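Chemist: Before I ask anything, here is the structure I am working with.
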Amino acid sequence: MINQLSNTTGNSLIVITILIIINWFLLSSNISAQPIDNSRREQQVFQSIELNTNLILENANPVEKQQLKDKKYAQMQESEFAFYRATNHLFWQDFANDSRLSKFGNPNTKTWILGDCHVDNFGAYNNDQGEIIFDMNDFDESIIADYQYDLWRLATSIILVANDSTLSKSEQEEVVDSLSETYLDTLASYVGNDEETKIYFTEANTKGEIKRTIEKAAQKTRQGMLYKWTKVIDNQRMFDFSSEKLGLATDAKKAIQSRMLDYGKTLSGNLNYDPEYFKVKDVAQRLNAGLGSLGTPRYYVLIEGKTDALDDDHILDIKHQFQPAPTDELFSLYDRINYWKIFNNSAQRHALAYKALIKDADDFLGWIKLVDNNPIDGDFSGDYSVREISPYKKSLKIKNLIDKNSFIEVAQQWGKILATNHARADKDFDKKLVSTSFEKQVKKITDGKHQEFRKLVREIAFKYAQQVEADYDNFVTEEIGNKGSRGVGE
């Protein structure tokens, strides 16, 4: 499998290995999640952010690289939560193989996890049945690992966003406890049956702000999505490059067109590859997307759809996939070799994770390998995930959670969604990848210990939120100093 990797992937692995070695000495992989007020932690955090950002921007041209880095760092300074979103690698450096995992975990409590589980990585979109669901929506960092990583990261994100609300600390504790308890109760309800493989979350079985988010998403249309990203000239639909979010992609368009048949072979849903259906009408580079992944090579591809009518076109989202951050910290060299034996590449891993965690996943889900034959101004070569842009995409507005009860209502549903996805991603999905009944194993180790479980999640979430706040403050101070040393306008 290793011989199948592209040169770009090989170079990336070298960089990743260097990053791992450096951070092995810089950051302990098992901190106590207490704020560390010293210059050593400050330097370590900033160096780790620099290394991670440089890895993502490895193949960008020098001018573009600096511009993207400046934009990313500016966005990271907007809030503690924005900083947290952008630094998933720090979370994994701080918590990988944490000794506290053994309290409620063991080798049998591993399943597919999101790997970057925070409140903004849930949202509304359509499944392959055309239903509007509310679920996880970002699988770039998904791997098979202990379930508690997702719960700890999600709980910490709740504290960070709740800090901007009027909730007191005791009320925040209730919110996190409701997440943890609902998670455990939901898992327990799946023991001895296969209900987790049938349940998904729609307008019919959600409530409060999540239900309202789905209702608003249902008001959207494919025509509205096409209007947002494209225009029609001489009865031909094409991307609207007047948008600051889109850029020309001449070389990438040729590369994508030449590999569409290969992408078609990776489809595993209800769609079979048809050259007319998947005819590429236009390609655009997606600019300024994401936060942690800002600068990752990414393209939107306009395809024909069922007919040559202009209003049934589809837009595919093609995104370069790196080896997920958790593997850098969790895996030994032996584990990494096995990783590449299991997965042909990280884009294939992305597709498997999506299908494992989500019921009735996107029919357009697959992957494609692109080769840049003209890498003069940056190199876009690599393995790319492919999924459809949902016309019904809608994010939950955290600012609408105005009191304890509204937070608890949403947290309980996050807990139910997370538990359901973890449970269906075990042997129910693929016994070769996860051989155990995940929910049964977690129930066995947590039964009669829910109070202790809630306490552990609560303590970790609050203490690590404090650590994130300290790291954020130090990062902002460092960036202000760096801007001053570079000079205004540079």
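The values are calculated or read from the model by the stated rules, or taken from the named source; none is laboratory data. Because the structure is predicted, anything quoted here is derived from the model rather than measured. Here Cβ is always computed from backbone atoms with ideal geometry, including for glycine, and neighbour counts include all displayed protein chains.
Chemist: Return the residues of the stretch 401-429 that are touching a Lys or Arg at 6+ places or on another chain (Cβ under 8 Å) and either at pLDDT below 95 or not basic (Lys, Arg) (or both); say none if nothing qualifies.
Modeler: Once the filter is applied, which keeps residues that are touching a Lys or Arg at 6+ places or on another chain (Cβ under 8 Å) and either at pLDDT below 95 or not basic (Lys, Arg) (or both), the stretch 401-429 yields GLU409, GLN413, PHE429.
Chemist: Here's a follow-up. Regarding ILE337, is this residue in contact with a Leu (Cβ under 8 Å, 6 or more places away or on another chain), surrounded by fewer than 17 Cβ atoms within 10 Å (Cβ to Cβ) and not hydroxyl-bearing (Ser, Thr, Tyr)?
Modeler: No: the conditions fail for ILE337.
Chemist: Here are some conditions: (1) closer than 25 Å to LYS216 by Cβ; (2) surrounded by 22 or more Cβ atoms within 10 Å (Cβ to Cβ); (3) in contact with a Leu (Cβ under 8 Å, 6 or more places away or on another chain). ILE133 meets all but one. Which one does it not meet?
Modeler: Result: ILE133 passes all but (3).
Chemist: From the list LEU151, LEU160, LEU167, LEU184, exactly one residue is over 10 Å from ALA411 (Cβ atoms), at pLDDT 95 or above and outside any helix (DSSP H, G or I). Which is it?
Modeler: LEU167
Chemist: Looking at VAL175, is it in contact (Cβ under 8 Å) with a residue 40 or more places away in the chain and crowded, with 22+ Cβ neighbours inside 10 Å?
Modeler: Working: in contact (Cβ under 8 Å) with a residue 40 or more places away in the chain: yes; crowded, with 22+ Cβ neighbours inside 10 Å: yes.
The answer is yes for VAL175.
Chemist: Out of the stretch 337-377, which residues are in a helix (DSSP H, G or I), without any contact (Cβ under 8 Å) to a residue 60 or more places away in the chain and farther than 25 Å from ILE417 by Cβ?
Modeler: Of everything in the stretch 337-377, those that are in a helix (DSSP H, G or I), without any contact (Cβ under 8 Å) to a residue 60 or more places away in the chain and farther than 25 Å from ILE417 by Cβ turn out to be ASN338, TYR339.
Chemist: Within the stretch 217-229, can one find any residue that is within 30 Å of PRO375 (Cβ to Cβ) and either free of Cβ contacts under 8 Å to residues at least 24 places away in the same chain or surrounded by fewer than 22 Cβ atoms within 10 Å (Cβ to Cβ) (or both)?
Modeler: Yes, the conditions are met somewhere in the stretch 217-229.
Chemist: I need a count of the residues in the stretch 344-354 that are surrounded by fewer than 20 Cβ atoms within 10 Å (Cβ to Cβ) and either modelled with pLDDT of 95 or more or acidic (Asp, Glu) (or both).
Modeler: 1
Chemist: Same structure again: State the number of residues belonging to the stretch 46-82 that are in a helix (DSSP H, G or I), surrounded by 16 or more Cβ atoms within 10 Å (Cβ to Cβ) and touching a Leu at 6+ places or on another chain (Cβ under 9 Å).
Modeler: So the answer is 16.
Chemist: For the stretch 116-145, which positions are in a strand (DSSP E or B) and over 13 Å from LEU418 (Cα atoms)? If you could, list the steps in order and put the result at the bottom.
Modeler: Pass one, the stretch 116-145, residues in a strand (DSSP E or B): 122-126, 132-136, 143-145.
ALA124, TYR125, ASN126, ILE132, ILE133, ILE143, ILE144, ALA145 - these are the residues of the stretch 116-145 that are in a strand (DSSP E or B) and over 13 Å from LEU418 (Cα atoms).
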